[in-house]
Structure formats: C-alpha cells, structure tokens
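Below is one structure, written out as structure tokens, with a few remarks after it.
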Amino acid sequence: MTDTHADATKLKGDLWKKMAESPFLMVGPADGSTHSEPLTAQLDRDQVDTLFFFIGRNNRVANGGELMLQFVSRGHDFFACLHGKARVDNDRALIDKLWNRQVEAWFPGGKDDPDLALLRVDIDSAELWETDMSIAGKVKMLFGGTIRSDQEGSHATVRTTAETRG
C-alpha cells in the first residue's frame, strides 16, 4: 500500500465525499470503557476536521472526552479510523445550520427538545484506507488468487483530514 503526500491528499478528499454519501460512523470512548455505537454525522463544510452528532443528553459519549470513530463507506471501498476530542456544543446557530428532517425524527420536541445535545468532535488524527482493485484483482480475491501491490489500494496516517495541496 502507498503512503505518499499525493495519496494522503486524495484520501482526505475521498473521506469527506464518502461520508457525505453515507454519514454513519461507529463512535465510542477511545479508552474502550464501553462499546461504540452507530451515530449519524452532520458535516459542516465550513469546519475542517470537525464532525457533529445530534445525541440525547444521556448518550454514553455525551460527557465528551477522547473518542474513536470508525467509518466504512457504502461501497465498502473506503475505511477510516478517526481519533478526536468531543464536547457538547449547543450553539443555536450551529444547531439551526445542521438541523434536518432525519434529526427531527429522533427529537420530537424539535430544536428545543430538552434531551437534545449537539456533540462536536474535533479530529486530531486519522488512518485512512481506500481499496482500488481492478476487476482482475477482485476476481483473484474471490477465487483465492494473489493480489499484486498495484491492486491493493492506498493507505495514509494523517494528523488532519483537511485537504492540503502542494
């Protein structure tokens, strides 16, 4: 697997595209003190390296702290493990900006639901994998053939998920 600056830049861009298509992640405490749970990310293009989740005030990650987040794309061709620090950020303007009908279904009291909390996760590191196998590579995998290095895909460990050029 490759790990060059160009690959990392591409992977970062692909991460956000893939999450926009399917924003579901497994989220849990980084220390493993409890199991992760599925949450739907709210993406804000204006805030780099930040994910938002509407959660209940009693959710297991509502106290914030360090979290691990795992992502698998809809096509199972992109994987990410993200680490970040979480805190509740009930900024009303941000809630208004990120609110949608899917969120409303979970909170019958709407934006003023007393159980509503907006969890902000500031990502400080990530490991990204993208499979880029040809049809021949997929057939080999299916029938037990050897996968060549040019059929493996890309991998990068990054300190920021922001796309950087140059």
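Please work out if residue 17 is in a helix (DSSP H, G or I), within 11 Å of the chain's Cα centre (by Cα) and farther than 15 Å from residue 123 by Cα. Judged against the criteria, residue 17 is a match. List pairs: first in region 70-89 and within 19 Å of residue 20 (Cα to Cα) and touching a residue at least 24 places away in the same chain (Cβ under 8 Å), second of a type in the set (Phe, Trp, Tyr) and surrounded by fewer than 18 Cβ atoms within 10 Å (Cβ to Cβ), Cβ under 7 Å, 6+ apart or cross-chain? That search, which allows pairs on different chains as well, returns 79/129. For beta carbons closer than 6 Å, sequence separation of 6+ or different chains, a first residue in region 28-53 that is among the acidic types (Asp, Glu) and a second that is surrounded by 18 or more Cβ atoms within 10 Å (Cβ to Cβ) and not in a loop (DSSP other than H, G, I, E, B), the qualifying pairs are 49/123.
Going by the structure shown, is residue 137 of a type outside the set (Asp, Glu), modelled with pLDDT under 95, crowded, with 17+ Cβ neighbours inside 10 Å and more than 20 Å from residue 20 (Cα to Cα)? Judged against the criteria, residue 137 is a match. Residues considered: 74, 120, 60. Of these, the only one that is surrounded by 14 or more Cβ atoms within 10 Å (Cβ to Cβ), of a type in the set (Lys, Arg) and in contact with a Lys or Arg (Cβ under 8 Å, 6 or more places away or on another chain) is 120. Scanning region 75-112 for residues that are out of contact with any strand residue (DSSP E or B) (no Cβ under 9 Å at 6 or more places or on another chain), part of a loop (DSSP other than H, G, I, E, B) and over 23 Å from residue 28 (Cβ atoms) turns up 75, 108.
Give the residue that is surrounded by the most Cβ atoms within 10 Å (Cβ to Cβ), with candidates limited to residues of region 101-113 that are of a type outside the set (Lys, Arg) and without any contact (Cβ under 8 Å) to a residue 40 or more places away in the chain. The selected residue is 113.
State whether the residues of region 45-66 include one that is within 16 Å of residue 23 (Cβ to Cβ), under 19 Å from the mean Cα position of the chain (by Cα), modelled with pLDDT under 95 and among the acidic types (Asp, Glu). Yes, region 45-66 contains at least one residue that is within 16 Å of residue 23 (Cβ to Cβ), under 19 Å from the mean Cα position of the chain (by Cα), modelled with pLDDT under 95 and among the acidic types (Asp, Glu).
The values are calculated or read from the model by the stated rules, or taken from the named source; none is laboratory data. Keep in mind it's a predicted model, so treat the numbers as computed, not measured. As a convention, Cβ positions derive from the backbone with ideal geometry for all residues, glycine included, and neighbour counts pool all protein chains shown.
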